Amino acid sequence: MWGVSYWVFPIISSLCWLGMLLGLLIHWNVIGKPHYPSMDANQSIAYISDVGAEGLKPLFIAGSCVTTVFLDLSFLSERWLRHNGRLARNTTTIEKVLSGLSMLFALIGTAGLILLSIFDTLRHPTLHDIFLLLFIAGYVVSAIFICWEYQRLGIHFRQHRILRASFWLKLVFILVEVVLAIAFAATNFKKSYNAAAVLEWAIAFIFTFYVFSFFIDLLPAVKTRNSSKRFGSSGEETQMQMEEHDGAASDRTLGANSEPRTGNGAKEGRQAALSSNF
């Protein structure tokens with residue numbers, strides 16, 4: 001059983017972000033795809049900020065705030081859980097520095113997103129563009145530092161598939177978002193606003209998957225509530241921890257690290273092994 005734990009933070013954040021985007025997009029389509037005052041004369045596809053600057057501005061602000069607050073809670077939880085041995089501990093100072101830098105740039109991205117939703121493109125176009133740049137750059141740079149941290153963690157904890165999976169997911173996010181951001185800037189510069197609008201919506205929807213990826217990072221903490229199953233002060237771990245974190249526990253290993261069973265011991269052992277997977 002997973003139970004309610006730190007993994008709920010990225011779930012709430014990603015669902016809130018996705019719900020806000022769908023709300024804005026569906027609203028614009030349902031009311032007949034109007035041409036907003038903030039749109040260019042030759043533009044027929046609205047930017048997210050065009051829709052968010054009108055009647056649904058409260059939704060835009062609220063969605064941005066809730067998304068970033070719970071995403072930042074995910075960052076803080078990950079740092080705290082590693083510090084306390086609930087997740088694989090940072091084994092070097094540079095890993096801790098990388099973690100700190102990732103949180104710093106995530107806060108910059110947070111400020112950018114909240115401020116761009118408040119200073120809308122209709123009334124404050126210059127400020128809006130500045131905060132949009134802070135939002136995108138902040139979270140992309142933050143993801144780079146996280147990938148760097150996970151790459152170094154993976155050197156020490158090679159047996160942890162969860163670290164590799166999260167590393168590759170975030171690396172793909174970085175590469176895709178950077179390419180799309182460059183294309184977005186280029187189409188804006190060339191005044192191809194419809195293409196730029198499509199790219200902006202794509203960038204925003206892909207960001208949902210990045211937020212959700214922290215669910216993978218925080219889920220293993222469910223199995224380390226018990227202090228006996230936590231990582232040692234120097235990053236050591238038992239064979240049981242390795243297996244529980246990567247879903248490869250065997251009946252024999254569980255039997256050696258758990259209390260004696262009565263009755264259907266073998267069956268209970270198999271059920272315990274299955275329940276340790278994630």
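Listing for the model above:
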item	result
All positions within the range 185-236 that are acidic (Asp, Glu) and either more than 18 Å from residue 162 (Cα to Cα) or at pLDDT 95 or above (or both)	200
From 202, 196, residue being buried (at least 19 other Cβ atoms within 10 Å of the Cβ) and part of a helix (DSSP H, G or I)	196
Residue match in the range 120-129 (condition: over 18 Å from the mean Cα position of the chain (by Cα), of a type in the set (Ser, Thr, Tyr) and assigned by TED's automatic domain parsing to the domain that holds residue 73)	yes
Test: residue in the range 67-82 that is in the same structural domain as residue 46 (by TED's automatic domain parsing), of a type in the set (Ser, Thr, Tyr) and surrounded by fewer than 18 Cβ atoms within 10 Å (Cβ to Cβ)	no
Helices (runs of 4 or more DSSP H) contained entirely in the range 35-142, each with at least 1 residues that are modelled with pLDDT under 90	57-83, 93-118
Test: residue in the range 83-96 that is polar (S, T, N, Q) and under 26 Å from residue 128 (Cβ atoms)	no
Inter-residue pairs, beta-carbon under 6 Å, first within 18 Å of residue 85 (Cβ to Cβ) and basic (Lys, Arg) and in the range 144-160, second in a helix (DSSP H, G or I) and modelled with pLDDT of 70 or more, 6+ apart	152/95
Test set (1) in contact (Cβ under 8 Å) with a residue 40 or more places away in the chain; (2) out of contact with any His (no Cβ under 8 Å at 6 or more places or on another chain); (3) crowded, with 18+ Cβ neighbours inside 10 Å - residue 121 fails condition number	(2)
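The values are calculated or read from the model by the stated rules, or taken from the named source; none is laboratory data. Every value quoted in this text rests on a predicted model; they were computed, and no experiment measured them. No Cβ is skipped: glycine too gets one built from the backbone with ideal geometry, and neighbour counts run over all protein chains shown.
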